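Notes follow the structure.
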Amino acid sequence: MSEGSNSTSAAASTQRQVRVQLTSKQEDIALPENTGPILVPTGLRRYALSTLVNNLLGNDKPIPFEFLINGSFLRTSIDEYLTANGISAETTLEIEYVRALIPPLHIASFEHDDWVSSVDVLSTTSPAASLASATIAAGQERILSGSYDGLLRVWNMSSQIVATSPSAADGGHTASIKAAKFISPNSIVSAGLDRTVRVWKYSEDGDGFSGKIAPQLELYGHKGPINSLSVHAPSNRILSASSDHSIGFWSTKKSDAPAAPEDLLPSAALRSSKRRKLNSSVTIPQRGPLALLSSHSAPVSAAIFDSNDSTVGYSASWDHSLRTWDLVTATLVDTRTTSHSLLSLEHLPEHHLLAAGTSARHITLIDPRVSATTIAAMTLRGHTNAVVSLARDPKSSYGLISGSHDGTCRIWDIRATKTDKDGVVGESVYSISRKSLEEQGKSEAKRIGGEGVKVFGVAWDGTVGIVSAGEDKRIQINRGEGVLSSA
Amino acid sequence: MAKIKKKGTSGQAKNYITRTQAVRKLQISLPDFRRLCIFKGIYPREPRNKKKAAKNSTASTTFYYTKDIQYLLHEPLLRKFRDQKALSKKIARSLGRGEVSDAARLEKNHAPQLTLDHIIKERYPTFIDALRDLDDALSLLFLFANLPSTAHVPPKTIALCQRLCHEFQHYLIVTNSLRKSFLSIKGIYYQATIQGQDIMWLVPYRFVQRVNGDVDYRIMATFVDFYTTLLGFVNFRLYSTLGLRYPPKFDTRSDENGAELAAFTLEGRAVGETTKAIEGTKQTSSTANKEVSQDVQAKVDKVIKSAGLDQTKDDQAVQATEESTEEIDKFEPAAPEADTLLQPDISGDTAGALFAPFTFYISREAPKAPLEFILRSFGCKRIGWDAVLGDGAFTHDETDTRITHQIVDRPALPESSLPAVPAASENGAGAVQKVKPGTRIPGRTYIQPQWIWDCINEGKLLRPDLYAPGATLPPHLSPWVKPTRGAYDPRASLAEQEEEGEAEIAAEEEEEDSDEEMEEATDGKKVDAKAEDSAEEENEDEDDSVDGGMDVAGTDDDEDESEEEMEDEFGGFEEEAASESEDEEESARTQHQKELEAEAAGLPFSSSSAGGDSTKKKSSQAKKVASKKRKEEEELERQKMMMSRKKRKLLEKMMYSNKKQSEEAAKLRSKRRKLEKGAEK
């Protein structure tokens, strides 16, 4: 320090050096083992450090890196970081470097007639195709959207509708669709406010510009609107979460499924009332649930399969609880009670965590294992309204995207966390706002609670990118593209 | 006919057991019994009728509940105590035979280990219970952490206490849950709020403690055993609720260099528990080569040379992060008569932001440990101190330009030796490598340590000029004593709290006093008395306020003493005033008489009237106040007549205590008045 104090402060800041230990948790970008702490000038910023690491790794093509110090990304120079956090320049700084997120830029928006409640993607990397071991040619990816007008639409990447589901009169949904998913490249499942889960057969013409969505199966059993769906294609099983406080466990196969409960069929309602005949002219097989799991005391917002074990299901509910189910015996295994209503759910199998979006505007990461000492392992804060949709990063096991009623999608890295007085807290890495706002020239205007641009559904695919749908009646596609994307 | 009941088979005779009986029943020695009682939280009880409990024996003994002792019978620790006894017998036998190595082996290998874990679980079924009982534990452990090691207090115990205390302090720093602190004679009081529980403890000052023999360290050590186990569990729980690793990383080397708090590094539990191969190698490599390897460094330097040019360029805009401003809703009572909800006066966020923007420098003479703890728990990240005070500082360089506040605790030097105005020429002097003590470096605020304490107790930053080095400090008051109406408040000015006419009367008394004193010409004596008074007052203030906060009973003793002293001084005045107002007419008559007499004697008229003038003025003032008082009293008396007996009694009681309080306040006010007068002169 004596040399530093001798010179003036400006000179000192350029001359000052700090010892850093660069680490990484990914093998492919780790430095050689014998790299001990190194001395770097404190004036360095992210870019300089990234160049340095690339040089040390001997990469021909530079990989952009982000640097994590104590769980926060380095956004200033090291010197400013040290000053802000009161760390003496004499200590050894542990810096973890991770691959930088390429900013997902807006690619396209597909316009709808009504609010879009959910989206799903069919591509080579999407679960529907990969589990069926089908290959989708590049450029032949499909995007499925479920809309509040009760129609399913399948889009190709050049914003053309390939197929639309039939209307209510022809065996379609009689009310808004809340959830839609590809089961396999040629079958789709959807559910909505009309309390039915419908399985569709999806077929395309050879040219790939027109296709057909034909009803295959109607599943009855819920007494309330259905909020979300989850599919497990290899075992032909579906989970549905409904506002009638129950979770439906269904089969996509006609032969497996038991008969539908008579009293819930539309024909039963017809006989007793003089309602206008909404029933379709076509006859579709009607089936009931394999099991209805009920122990929640409030509407169930989401139900998902465990990513590794299809016999385990998780459900999140407005009653603040997250429940683990054994689907074979249809029994409740465990209940974890949090302090807020849970609105969405996603499994992070690598970390044994479940991410749940809450009405309290944050995402709670919950360890569902019985051995876990604390319920909430981490809290991700940043949204300004309820978090209603979650999806995993297809490329990184640490990444997560959330869609919220505040009109933004936020990308999170669960490595970027700080231990605060509220426990482990993370901040978002990147925030995607709605393009429709920008087009209206209101991007600057602060909307209270995302009025008019609420995000209802988000999907993240390795090939297509981030697809989000919302109240602005459109699907928005964002993808990280650019010179650096090849890394 | 009913069976005749035998004496001593039920009731108190059965419910109580004497200590001797208890010890005999448990078959352990008395010291072991004492320890066991401390661990289990069993204490002697006073029977309602001693004679009945002692079965007519008159010897004075201590009693325990029979049930309590019964409950001790199946305590796992009891077996440990017996094992210990057996072992000590074996050792004694070996020693008696001269088999020293045998004895050593026995002691080394067979000594039973006491674990108190189950007792903690038993005594504190919930975590909140443990938090509620933390006050004593913290006070004792902080005391032991500051004790010198002696034969009774092994250094290992002290080190353990220090570690636990520092870990606990770190939790408070992370959560910003320290709320208040107060410097008293006994030590520094701290109050923290953890999970809604207020915890208060006392930390002694770091003086050289003289350990004297009249303290039973064996008993203390038993408590320390118990409390260290308790605090260990509490710390673990507190850390794990935050997702922190426990125990935190402890750097022995920097601890030896006196880093204290800074020797600990808190780490969050990473989410990716799947420790990959790299992690393992990283661990080994970081331990293997702590030193910078030459070839890698050379490579790094080369890279930096080439890349270092564009370091000023911003490659990416800093993303605006939204501050989480979650304020607590204020609950206002809807109707004026509704219950008021107790509101937390300061939230963690505001506490965490109090000192956040500043860089402090603690001078050599200021107490580093408490200052560092308080500053850190109120959000200050950058604290520097002199290298003498130990490791772990943000900077050891006093001339660092980033420092915004410097805490000094030495008297200001005479004006001549200080740079009067931070002029440009003085800048050069300030940048000298070793700063001369007492020099001021421009661009920073110099304050005395009390500023920190007063700021955190107020919850806001106070004017630093009142706390400048050498300034007479404002009174440091206990944050736990709330000023009540009518009581003396040292913070408010005298004029604000004086009763009507009190000042005038006092001023007149003063005049009279001074006149008398002039006559007597004993000025020196008066000054002495004043000095004494002021000293006394300071002590008293401090005592009172602390005691009030800690709810300690029995503070009346010293107050009584002071009261007596005061009565000697002031009793006379009041009487005088009263009699004068009462016998106003009488005095008028005597005045008249005197005048007549004087006239008869042939004295000049003016002198006598002039002499009476001052007394008249004084008496008129007093008269006014007295008549007003009398009127009020009459009114009250009338109201009292209409009350029921019960209510009247209550009112009288209330008035009595109010009067006592106001008398007390008046006394303190008069003291202050005197002091202020003294200062003016």
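The values are calculated or read from the model by the stated rules, or taken from the named source; none is laboratory data. It should be emphasised that the depicted structure is a prediction, and the values quoted were computed from it without experimental measurement. All Cβ positions, glycine included, derive from the backbone under ideal geometry; neighbour counts span all protein chains shown. We work out accessible area using only protein heavy atoms, side chains counted, and drop any ligands, DNA or RNA first. Shrake-Rupley method; radii C 1.70, N 1.55, O 1.52, S 1.80 Å.
Averaged over the residues of A:36-47, the number of partner chain Cβ atoms lying within 10 Å of the residue Cβ comes to 6.
Once you wrap a convex hull around the alpha carbon atoms of chain A, what is its projected area averaged over all directions, in nm²? Could you put the intermediate results ahead of the total?
On the way: hull surface 107.1 nm².
Over every viewing direction, the Cα hull of chain A projects on average to 26.8 nm².
With R₀ fixed at 30 Å, the C-beta to C-beta distance from B:Ser29 to B:Thr9 puts the FRET efficiency at about 0.50. Model label points for A:Asp113 and B:Ser101, set 7 angstrom from Cα along the Cα-to-Cβ axis, are 10.0 nm apart. In plain terms, the chain from B:Leu466 to B:Glu597 could stretch by 41.1 nm, reckoned as 0.36 nm per residue minus the Cα-Cα distance.
Cβ neighbours within 10 Å, averaged per peptide: list A:49-56, B:166-173, B:118-125, B:185-192 in order, most packed at the top. Don't skip to the end; give the middle numbers.
Details: A:49-56: 20.8, B:166-173: 23.2, B:118-125: 14.2, B:185-192: 18.9.
Output ranking for A:49-56, B:166-173, B:118-125, B:185-192: B:166-173, A:49-56, B:185-192, B:118-125.
Of A:Lys25/B:Lys299; A:Lys181/A:Lys395; A:Lys25/B:Lys381; A:Lys435/B:Lys381; B:Lys623/B:Lys677, which ones are farther than 31 Å apart at the Cα? Flagged as over cut-off: A:Lys435/B:Lys381.
Counting only protein chain heavy atoms and rolling a 1.4 Å probe, the accessible areas of B:Glu256, A:Glu451 rank, largest first, as B:Glu256, A:Glu451. Averaging the inverse of every distinct alpha carbon separation and then flipping it gives the Kirkwood radius. What is it for region B:115-263, in angstrom units? The answer is 16.1 Å.
Rounded to the nearest 500, the helix-only mean residue ellipticity at 222 nm of chain A stands at -2500 deg cm²/dmol, with each DSSP H run of n ≥ 4 adding -39,500 (n - 2.57).
With a 1.4 Å probe, how much accessible area is buried between chains A and B, both sides summed, in Å² to the nearest hundred?
Working: alone 21880 and 44720 Å², together 61750 Å².
So the total buried area for this chain pair works out to about 4800 Å².
Ordered by solvent-accessible area of protein heavy atoms (1.4 Å probe), largest first, the residues B:Phe144, B:Phe233 come out as B:Phe233, B:Phe144.
With an 8 Å cut-off on Cα pairs and a minimum separation of 6 or more residues, tell me the relative contact order of region A:103-477 in percent.
Values: 1075 pairs, mean separation 52.6, N = 375.
Reported relative contact order: 14 percent.
In this simple spin-label approximation, A:Ile102 and A:Ile284 carry label points 7 Å from Cα along the Cα→Cβ vector, and these lie 4.0 nm apart. Available extension along the chain between A:Lys61 and A:Ala330 is 91.6 nm, counting 0.36 nm per residue and deducting the alpha carbon span.
How much of the DSSP beta bridge set in region A:15-97 is antiparallel, as a percent to the nearest 5? It would help to have the intermediate numbers written out before the result.
Working: 9 of 14 bridges.
Close to 65 percent.
Calculation over all alpha carbon pairs of region B:63-107 in 5 angstrom steps from 0 returns a P(r) of 6, 21, 17, 14, 11, 9, 8, 9, 5, 0 percent. Normalised Debye scattering of region B:10-108 at q = 0.18, 0.19 Å⁻¹ gives log10 I(q)/I(0) of -0.82, -0.88, counting only Cα atoms as equal scatterers and leaving out solvent.
Structural descriptor for region A:62-137: relative contact order 27 percent, calculated from alpha carbon pairs under 8 angstrom and at least 6 residues apart. Restricting the calculation to Cα atoms, region B:70-192 yields a radius of gyration followed by a Dmax of 20.2, 61 Å. Taking the centroid of alpha carbons for each part, region B:22-52 and region A:119-163 are 79 Å apart.
Size descriptors for region B:635-680: radius of gyration and Dmax over Cα atoms are 16.8, 52 Å. Estimated at the nearest 10 Å², the accessible area of B:Glu498 is 40 Å² with a 1.4 Å probe.
Inter-chain neighbour count for A:86-93: the average number of beta-carbon atoms from partner chains within 10 Å of each residue's beta-carbon is 5.
With the contact rule set at Cα under 8 Å and sequence spacing of 6 or more, what percent relative contact order holds for region B:10-108?
Normalised by residue count, the contact order of region B:10-108 is 32 percent.
Using heavy-atom solvent-accessible surface (probe 1.4 Å) with all chains present, what is the largest-first order of A:His351, B:His152?
Working: A:His351 5, B:His152 120 Å².
Descending order: B:His152, A:His351.
Based on alpha carbons, the Rg and Dmax found for region A:15-97 are 12.2, 37 Å.
Given a 1.4 angstrom probe, I'd like the percentage of the accessible area of region B:115-263 that is carbon and sulfur, rounded to a whole number. Carbon and sulfur atoms account for 54 percent of the accessible area of region B:115-263.
Shielding by partners for A:421-434, please: the mean number of other protein chain Cβ atoms within 10 Å of each residue's Cβ. Please report the intermediate quantities before stating the final value.
Details: counts 12, 7, 7, 7, 4, 1, 4, 3, 1, 1, 4, 0, 0, 0.
Across A:421-434, the average partner-chain Cβ count within 10 Å equals 4.
Would you mind working out the accessible area per residue for chain A, using a 1.4 Å probe, and quoting it in Å²? Mind showing how you got there, number by number?
Values: 19540 Å² over 487 residues.
Heavy-atom accessible area per residue stands at 40 Å².
Between A:Ser203 and B:Arg402, the simple spin-label model (points 7 angstrom out along Cα→Cβ) gives 7.1 nm. For the cross-link pairs B:Lys40/B:Lys156; B:Lys631/B:Lys660; A:Lys178/A:Lys212; B:Lys89/B:Lys249; B:Lys628/B:Lys667, the ones whose C-alpha atoms lie over 31 Å apart are B:Lys89/B:Lys249. Using R0 = 51 Å, the C-beta based FRET efficiency linking B:Thr58 and B:Arg206 works out to 0.55.
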